[in-house]
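Participant: Pasting a structure here, questions to come.
The values are calculated or read from the model by the stated rules, or taken from the named source; none is laboratory data. Quantities reported herein were computed from a predicted structural model and do not represent experimental measurements. Note: ideal-geometry Cβ built from the backbone for every residue, glycine included; neighbour counts use all protein chains shown. Side chains are part of the model used for accessible areas, which takes the heavy atoms of the whole protein and leaves out ligands, DNA and RNA. Shrake-Rupley method; radii C 1.70, N 1.55, O 1.52, S 1.80 Å.
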Amino acid sequence: VLVCTDPPQLNRVAPLFRFRHAHPLGYRMLGYIVLFSSVLALLTTAVQLFSDYRLDVHAINDRMEQIERSYLQTIANSLWTFDEPQIKIQIEGIVALPDIKSVVVDTPFGQRYLSGTEPQNFAAITRSFPLDYNDGEKEAHLGTLTVSASLEGVYQRLRHRVFLILITNAVKNFLIALFILFIFQRLVTRHLGTMAEYARGLDLNSLHLPLILPRKARGKSPDELDQVTSAINEMRLSLLGGMAERKRAEEAVRESETRFRSLFEQAAVGMAQVAPDGRFMRVNDRLCAITGYPREKLQTKTYQELTHPDDMDITLKEARRLETGEISQHALEKRYLRKDGSVVWVRRTASTIRKPDGTLDHYIAVIEDVTARKLAEEEISKLNAGLEQRVSERTAQLQAANKELETFSYSVSHDLRAPLRSIDGFSRILLEDYADKLDAEGKHYLQTVRRASQRMAQLIDDMLQLSRITRSEMRRAPVDLSALARNLADEVEKTEPERCVEFIIEPKVIAQADAHLMRVVLGNLFGNAWKFTSQQRAARIEFGRTTREGAPAYFVRDNGVGFDMAYSHKLFGAFQRLHTTAEFPGTGIGLATVQRVIDRHGGQVWAESEVGHGAAFYFTLPTN
Amino acid sequence: VKTTASILVLPNFFVRASHGACMGFLAGLLVLLGVSAAAAAPPLPVSEGPKVACINPGWKNDQFWQDTDGAMEAAARELGVRLRIYEAPRPEDVIALVRQLADSPDRPDYILTTTQKGARTYLLEATEDAKIPTFIFNSGLLDEDRRRVGGPREHFKYWIGEMLPHEEQAGRDLANLLVDAAVQAKRTGPDGRVRVLALGGTETDSGAQLRNEGLKRALAERHDAELLQVVNAHWVYEEARDKALLMFRRYPEVDVLWSANDRMALGAIEAMRSMGREPGREIMVGGMDWDARVLSAVEQGKMVATIGGQILEGAWAMVLLCDHYHGIDFASERVAWRSEMLPLTKETAGPSSKYLGPGNWEKLNFRRFSKFYNPDLKTYNFSIKTLMGEPGATKAKP
């Protein structure tokens, strides 16, 4: 309206309009600052004026009190002595005080001394003071001093202050607003313009040009503009990077598509994209070869048409599970009917490709011709059936042989033991009943016979034990080897109580094994240790558990005579001995029995030793 | 005969030079004309006496000082004293005048002055510096100054003497006269006590203070009177009139008005008249100073009495200085003299009035009190009764 109707006014406000259009933000900021500071100035002025008014009124009241303190007694004294000039001087002195407009002294005798104007002519604060005289002897009420102060001076000063404060505040606010605007323009607005200009000119070709504001670098403390500039430049770089990335991704997609296509087309297995209704959307050459259909023909068919009727149910069932999302992929070996009517076994692996809304888009199917493998499997099945038959026959033969061997062993042991008992018995009788008829040599021979026969009996016993162990039924259960070892240690100690042997038995060693057989193993090993430490003054036998190759291993260790490791391979052979019977008695069956038992448990047994430094026997007991 | 001349070198002061013996020539002329006193002893010829400068407060319109000057001038003429009267209204004027006199070709032999108006000891210091013998009359040092410097010829060697009225006694006497008159007239309060109001002079004047003390002492001694209030009116008629008006309003029951001088008493009487109250009947009024204007009021019974006589102090001082000049030092009797103050009542006011006032002083014979002129006189007897009443007190009519 101004522009159209009032050219002179237009001229006056034109700079403002120009500024408003050029700097709408600054214009609004200027307006808000001026508005806010004006409201603030008005509020503070009101508060200040109210405070000033109270102070002024307070000052008048103070002045009244000062008058009471300073003048009242003097006036009373002057009144007492009728010293009118002094009274006048005093009340004129009071009237000369600021804001005091009227002072009246009234006496009971009708005297009236007035200084200033009549009190009723102005709005005033009026105070009356009694004028009393008291000199200690005489006391009298002499009159009343009435002092009236005009508020006109207070109002005048307030008006003056209002004017002054408002003018100064208006000027101050305007100048501050201009200054802030200038600063804002200098610090922000012009840079915003630069940014806007930059943003307008930004395109794909100019993305490499950074946004630079015409201002000093802020160093380590970037401000908001620096941050915005930095963000814009980061965005620009990000766009540049994004574009490069996108280009690379597109190339990668193209390359991937090429690879996929070649993979699809040249795969050694058949591949197809299958529509949800089963139609082959896309097939590769290999699938065409498997099915015998040319590509164009095959892409008009559904997988249901190719599926062997016997495999249709399972195929449809699996397809439903795929379609409903119950499974994401599945593999199925099934039969296709080739174009020529022949059957081909295929292993079909299918997975689903879904649309963004979750509905099925198509299947990906990989079809492998497994007809050859199927045929081979059938052949293997046939061969396996023959093999099992042979194993059964051989097992029966072996069982019969074992039975015979067992019978033989039993009879040998029993049949051999009877004459041995006779030999030993009669030899003993000879030695006991015919000792006087035998010379020393004869007795020696007889004793030799006895020892030989007893040794043979022992050999037979050991062999029978070995035999039993081989054949006895094995029951695995948790066995407290520590308790077993302690029990066995007690037993061997009883055989030679006079020996001083230290047993060190690790507690709570539990193993999954046959308790009876474990007793045989530990009994043999403790017996050996006891035997081979007989020459040791401070013998020590240990039982414990250790770890070998990650598995638990159990050991029996002694500090006895030990043996030469060069002969360790003979240790566990039946009737193999590394010492003479004279040195250490024995049959050589013990360690063989140990090995047999550990073998039956599927474990291993071995020994470590050095001559004169004791020996250690280890064994393992696999849990299954 | 009064001669008045100006002293050109002392322009700031109004000078009345009364060459009481201008010198012996005039006195001799008077003798030849048969105006000299018809004393009992054969009169001695008038000798050339000392040059005396009298400095008084200069209240030209004050009847008291007019009377004092008149009596003094009459005595000077008779004694051959070359008297000049200077008026200096302020203490500093007095001091300046003393310094000028000391350096002037007409340097006086004596200075006669009063310490009225708070001149305190500055005047005596000035005359001491000027080495001019000084005699104080009418109003002396305040008590505090007197305690400090003592009396004449003590601290100040040139302060040769003083003659002061019995101010306190006068105040006391006036109070007693007034209360007695009120009692006699049955003007008392319900309790039978006479209610007294007082108009005081200037509170800084020793005379005013002493008169007030006399008043208070008298009333303290009596049980039939009470002092309502003392109001200072500064010896001034108008002020006394205005204040009396207010006093009578504040104390309508007043029986006695005691005034420290006659002028203030006249002001109070004026106030009474304006209020329709009758002085002498309703309120007993009394004053001091023997003001010629109140004598008629005393005679008419409007005033009970006026106490005075100190107006003769100047004349008595002329006698002492004259003798001192001629080698007869009054210190043989005393240096501090007290003048007699007597009441003039309705009965005595009339006869006395013929000696008081302008033109009447010359009737009195002052030479008879001088040891110089009366070699047989052994002691001074400055008696008013002797002066006025006894044979030879007055001069023979020409």
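Participant: Given a 1.4 Å probe, show me the residues in the stretch B:235-281 buried by at least 40 Å² of accessible surface when comparing the whole protein assembly to the chain alone.
Facilitator: Relative to the lone chain, where solvent access is computed with a 1.4 Å probe, the stretch B:235-281 loses at least 40 Å² at B:Lys243, B:Leu246, B:Arg249, B:Arg250.
Participant: Quick check: convex hull of the Cα atoms in the stretch A:345-429, volume per residue, rounded to a whole Å³?
Facilitator: Numbers: hull volume 15.6 nm³, N = 85.
Per-residue hull volume (Cα only) is 184 Å³.
Participant: Am I reading the A/B interface right? What is its buried accessible area, both sides, 1.4 Å probe, to the nearest 100 Å²?
Facilitator: Details: alone 38080 and 16300 Å², together 53420 Å².
Rounded to the nearest hundred, the buried surface is 1000 Å².
Participant: Going by the alpha-carbon gyration tensor, a ≥ b ≥ c the square roots of its eigenvalues, is the stretch B:244-398 rounded (a/c under 1.5) or, if a/c is not under 1.5, prolate (a/b greater than b/c) versus oblate? Don't skip to the end; give the middle numbers.
Facilitator: Values: a/c = 3.48, a/b = 2.29, b/c = 1.52.
Prolate.
Participant: Further question: So which GluC sites (Glu not before Pro) in the stretch A:529-624 pass both tests, a DSSP loop state and at most 10 other Cβ atoms within 10 Å of the Cβ? Walk me through the numbers on the way to the answer.
Facilitator: On the way: sites: A:Glu542, A:Glu549, A:Glu583, A:Glu608, A:Glu610; in loops: A:Glu549, A:Glu583, A:Glu610.
Within the stretch A:529-624, the qualifying GluC sites (Glu not before Pro) (loop, at most 10 other Cβ atoms within 10 Å) are A:Glu549.
Participant: Shifting gears a bit: Output ³J(HN,Hα) for the stretch A:190-205: one whole-Hz value per residue in order, computed from phi by the Karplus curve 6.51 cos²θ - 1.76 cosθ + 1.60 with θ = phi - 60°, and x for Gly and Pro.
Facilitator: 5, 6, 4, x, 4, 5, 4, 4, 5, 5, 4, x, 7, 9, 4, 7
Participant: How high is the relative contact order of the stretch B:238-362, given as a whole-number percent (alpha carbon pairs under 8 Å, six or more residues apart)?
Facilitator: Working: 175 pairs, mean separation 26.5, N = 125.
It comes to 21 percent, rounded to a whole number.
Participant: What does the average come to when, for each residue of peptide B:223-233, you count the partner chain Cβ atoms lying within 10 Å of its Cβ? Intermediate results must be reported in sequence, preceding the final value.
Facilitator: On the way: counts 0, 0, 0, 0, 2, 1, 6, 1, 4, 3, 3.
Across the residues of B:223-233, the mean count of other-chain Cβ atoms within 10 Å is 2.
Participant: A:Tyr27 label point, 7 Å along Cα→Cβ, cut-off 18 Å on backbone N: hits in the stretch A:167-186?
Facilitator: What the label zone holds, given the 18 Å backbone N cut-off, is A:178, A:181-182, A:184-186.
Participant: Still on this structure: Heavy-atom accessible area per residue, the protein assembly as shown, 1.4 Å probe: how many Å²? Don't skip to the end; give the middle numbers.
Facilitator: Values: 53420 Å² over 1022 residues.
Spelled out: the 1.4 Å probe surface of the protein assembly as shown, per residue, equals 52 Å².
Participant: Counting only protein heavy atoms, probe 1.4 Å: which residues of the stretch A:81-108 lose 50 Å² or more of accessible surface in the full assembly compared with their chain by itself?
Facilitator: Buried by 50 Å² or more upon assembly, which counts only protein chains, are A:Phe82.
Participant: Sort out for me the Cα centre separation of the stretch A:36-96 from the stretch B:319-339, rounded to whole Å.
Facilitator: 64
Participant: Where in chain A lies the longest segment free of chymotrypsin sites (Phe, Trp or Tyr not before Pro) that are both loop residues by DSSP (not H, G, I, E, B) and have at most 12 other Cβ atoms within 10 Å?
Facilitator: A:1-433
Participant: Can you list residues whose amide H is under 5 Å from B:Ala225's amide H, if they're 5+ apart or on another chain and H is modeled 1.01 Å from N?
Facilitator: Result for B:Ala225 returns B:Val194.
Participant: Of A:His141, B:His324, which has the most accessible area and how do the rest follow, probe 1.4 Å?
Facilitator: Working: A:His141 100, B:His324 45 Å².
Largest accessible area first, the residues go A:His141, B:His324.
Participant: Would you jot down the residues in the stretch A:126-141 that end up with at least 10 Å² less accessible area in the complete protein assembly than in the chain alone, with a 1.4 Å probe?
Facilitator: Going by heavy-atom accessible area, the residues of the stretch A:126-141 that drop by at least 10 Å² are A:Lys138.
Participant: To the nearest Å, what is the center-to-center distance of the stretch A:462-515 and the stretch A:216-294, using C-alpha atoms only?
Facilitator: Centre-to-centre distance over Cα atoms comes out at 72 Å.
Participant: For A:Lys531, go through the lysines and keep the ones whose alpha-carbon is under 16 Å away, minus same-chain ones fewer than eight residues off.
Facilitator: Counting by Cα, and skipping residues close in sequence, A:Lys531 has these lysines nearby: A:Lys494.
Participant: Let me ask another. Which value, in Å² and to the nearest 10, is the accessible area of B:Thr188 when all protein chains are kept and the probe is 1.4 Å?
Facilitator: 50
Participant: Could I ask something else about it? Working from the alpha-carbon coordinates of chain A, get Rg over Rh, Rh being the Kirkwood radius. Could the numbers behind the result be given before it?
Facilitator: On the way: Rg = 62.9 Å, Rh = 42.0 Å.
Rounded to two decimals, Rg over Rh is 1.50.
Participant: Residue by residue, what Karplus-based ³J(HN,Hα) values in Hz, rounded to whole numbers, does the stretch A:558-566 have, using 6.51, -1.76 and 1.60 with θ = phi - 60° and x for Gly and Pro?
Facilitator: For the stretch A:558-566, the Karplus curve yields 9, 10, x, 6, x, 8, 7, 5, 5 Hz.
Participant: Step by step: find N for the stretch A:507-589, compute 2.2 N^0.38 Å, then divide the Cα radius of gyration by it. What's the final number? Present the calculation step by step, with values, prior to reporting the outcome.
Facilitator: Working: Rg = 14.1 Å, N = 83, 2.2 N^0.38 = 11.8 Å.
This ratio for the stretch A:507-589 stands at 1.20.
Participant: Relative contact order for the stretch A:77-225 using alpha-carbon pairs under 8 Å, separation at least 6, rounded to a whole percent?
Facilitator: Numbers: 142 pairs, mean separation 24.7, N = 149.
It comes to 17 percent, rounded to a whole number.
Participant: Here is a further query. In the stretch A:98-198, what GluC sites (Glu not before Pro) fall in a loop by DSSP, with at most 16 other Cβ atoms inside 10 Å? Spell out each step's value before the answer.
Facilitator: Numbers: sites: A:Glu137, A:Glu139, A:Glu152, A:Glu197; in loops: A:Glu137.
Sites meeting the loop and neighbour criteria: A:Glu137.
Participant: Still on this structure, I have one more. Can you work out the Karplus-derived ³J(HN,Hα) for every residue in the stretch A:529-542? Use 6.51 cos²θ - 1.76 cosθ + 1.60 with θ = phi - 60°, whole Hz, and x for glycine or proline.
Facilitator: Residue by residue, the stretch A:529-542 yields 4, 4, 5, 7, 10, 5, 8, 8, 5, 10, 6, 9, 10, 10 Hz.
Participant: Another question, then. Could you report the accessible area of B:Asp143 in Å², rounded to 10, computed with a 1.4 Å probe on the protein chains as they sit in the structure?
Facilitator: Only protein atoms counted, so the area is about 90 Å².
Participant: What area, in nm² and to one decimal, does the C-alpha convex hull of the stretch A:354-511 cast on average over all directions?
Facilitator: Here the figure is 24.1 nm², rounded to one decimal.
Participant: Follow-up question, since we're still on this one. So what is the 222 nm mean residue ellipticity for chain A from helices alone, if each DSSP H run of at least 4 adds -39500 (n - 2.57) and you divide by all residues, rounding to the nearest 500 deg cm²/dmol?
Facilitator: Values: 17 runs with 342 residues, N = 624.
Value at 222 nm, helices only, nearest 500: -19000 deg cm²/dmol.
Participant: Further question: Inverting the mean 1/r over all pairs of different Cα atoms, compute the Kirkwood radius of the stretch B:162-248 and quote it in Å. Each step should come with its number before you reach the end.
Facilitator: Working: mean 1/r = 0.0741 Å⁻¹.
Mean inverse Cα-Cα distance, inverted, gives 13.5 Å.
Participant: Taking Cα atoms, how many degrees apart are the long axis of helix A:224-266 and the longest axis of chain A, rounded to 10 and kept between 0 and 90?
Facilitator: 30
Participant: So who's got an amide H within less than 5 Å of the one on B:Asn261, skipping anything under 5 residues away but keeping other chains? H placed 1.01 Å off N, in plane.
Facilitator: Residues meeting the criterion, in which the H sits 1.01 Å from N, are B:Met288.
Participant: Further, regarding this structure: Quick one: which residues, 5 or more positions from A:Gly143 or on another chain, have an amide H under 5 Å from its amide H? H modelled 1.01 Å from N in the peptide plane, none for Pro or chain starts.
Facilitator: Hits under the 5 Å cutoff: A:Leu131.
Participant: Probe radius 1.4 Å, ligands and nucleic acids left out: which of B:Arg172, A:Arg476 has the largest accessible area, and how do the rest follow? All intermediate terms of the calculation are to be shown ahead of the outcome.
Facilitator: Details: B:Arg172 55, A:Arg476 80 Å².
Sorted by accessible area, descending: A:Arg476, B:Arg172.
Participant: Give, in nm to one decimal, the length gained when the segment between A:Met312 and A:Gln447 is fully stretched (0.36 nm per residue of separation minus the Cα-Cα distance).
Facilitator: 39.6 nm
Participant: Shape verdict for the stretch A:450-581, please, from the Cα gyration tensor: rounded (a/c under 1.5), prolate (a/b greater than b/c) or oblate.
Facilitator: On the way: a/c = 1.44, a/b = 1.12, b/c = 1.29.
Taking the square roots of the gyration eigenvalues as a ≥ b ≥ c, the stretch A:450-581 is rounded.
Participant: As a test question: what accessible area, to the nearest 10 Å², does A:Glu326 have when a 1.4 Å probe is rolled over all protein chains in place?
Facilitator: 120
Participant: Subtract the Cα-Cα distance of A:Asp564 and A:Gln73 from 0.36 nm times their separation in residues, and report this length gain in nm to one decimal. Spell out each step's value before the answer.
Facilitator: On the way: separation 491, 0.36 × 491 = 176.76 nm, distance 13.93 nm.
That works out to 162.8 nm of additional length.
Participant: Subtracting the Cα-Cα distance from 0.36 nm times the residue separation, let me have the gained length for A:Glu378 to A:Arg157 in nm, one decimal. Please report the intermediate quantities before stating the final value.
Facilitator: Values: separation 221, 0.36 × 221 = 79.56 nm, distance 12.30 nm.
The span from A:Glu378 to A:Arg157 would gain 67.3 nm if fully extended.
Participant: Over chain A, what is the relative contact order in percent, taking alpha-carbon pairs closer than 8 angstrom and at least six residues apart? Numbers along the way, then the final one.
Facilitator: Working: 765 pairs, mean separation 37.6, N = 624.
Relative contact order of chain A: 6 percent.
Participant: Please identify which residues in the stretch A:456-495 have an amide N closer than 16 Å to a label point set 7 Å out from the Cα of A:Glu506, following the Cα→Cβ vector.
Facilitator: Only A:479-486 fall inside the zone, counting backbone N under 16 Å.
Participant: Another question, then. With the Cα gyration tensor of the stretch B:46-118 giving a ≥ b ≥ c as the square roots of its eigenvalues, does the rule (a/c under 1.5 for rounded; else a/b larger than b/c for prolate; else oblate) give rounded, prolate or oblate?
Facilitator: On the way: a/c = 2.72, a/b = 1.14, b/c = 2.40.
Oblate is the answer for the stretch B:46-118, as a/c is 1.5 or above yet b/c matches or exceeds a/b.
Participant: Something else now. Where q = 0.15, 0.17, 0.18, 0.21 Å⁻¹, what log10 of I(q)/I(0) comes from the Debye formula for the stretch A:196-276, counting one point per Cα?
Facilitator: Each listed q maps to, in turn, -0.70, -0.80, -0.85, -1.00.
Participant: Quick one: with all protein chains in place, what share of the accessible area of the protein assembly as shown is carbon or sulfur, to the nearest percent (1.4 Å probe)? It would help to have the intermediate numbers written out before the result.
Facilitator: Details: 29570 of 53420 Å².
In the protein assembly as shown, the share of accessible area belonging to carbon and sulfur is 55 percent.
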